[in-house]
Amino acid sequence: MQYAILCYHDENVVCAWTKEEDDAVLAKLATVHEKVARQGKLGPVVRLLPTTAATTLRKDTDPPLVIDGPFAETKEQLLGFYIVDAENLDEALGFARELAAVNPGGAYEIRPVGLFKDGKQAP
């Protein structure tokens, strides 16, 4: 089964890291990525640009309203995500724990992924 590991953190903290601090965190994360990739279980890894680059489509209005920035004010923002193939939630949590051990602060949310193709859920 595929799982999404959603990465949350205060983007004001992460965006304040120096290039050297950011490079150090990314190098530590790369060791975890490489391990999971060698197992053939690492899918896309995405780092999102800051919420200042975001656009939101509010679909609860008629017509839908397009606004700059994120939808909600929150303490932590979605900064990126991983897609991993895991036998079960415990294996996905193990990967998230390895990421957490080398990446300071924030939180990971782990969710099973439902794939859709041609408008239908894939088996």
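Bear in mind these aren't lab numbers, they're just calculated from the coordinates by the rules spelled out. Because the structure is a prediction, the values reported are computed rather than measured. All Cβ positions, glycine included, derive from the backbone under ideal geometry; neighbour counts span all protein chains shown.
So if I place +1 on the C-beta of Lys and Arg and -1 on the C-beta of Asp and Glu, and nothing else carries charge, what would the dipole magnitude of the chain be about its Cα centre? I want it in debye, nearest 20.
360
Net charge near E34, counting Lys/Arg +1 and Asp/Glu -1 over other residues with Cβ under 13 Å of its Cβ?
Working: positive: K28, K35, R38, K41; negative: E98.
The answer is +3.
Of the options V25, L93, G114, report the single residue whose Cα projects farthest towards the positive end of the charge dipole of the chain (beta-carbon charges: Lys, Arg +1; Asp, Glu -1).
It is G114.
Can you pick out the pairs among K41/K120; K59/K117; K28/K117; K19/K75 whose Cα atoms lie more than 30 Å from each other?
K28/K117
Got a sec? How would C7, C15 order by Cβ neighbour count within 10 Å, fewest to most?
Ascending Cβ contact count within 10 Å gives the list C15, C7.
Which residues among segment 5-37 fall inside the zone where the amide N is under 16 Å from a point 7 Å beyond the Cα of T56, along Cα→Cβ?
Answer for segment 5-37: 11.
Order these by the 10 Å Cβ neighbour count, fewest first: I67, I5.
Final ranking by Cβ density, sparse to dense: I67, I5.
Neighbouring Cβ atoms within 10 Å as the yardstick, rank D23, D60 fewest first.
D60, D23
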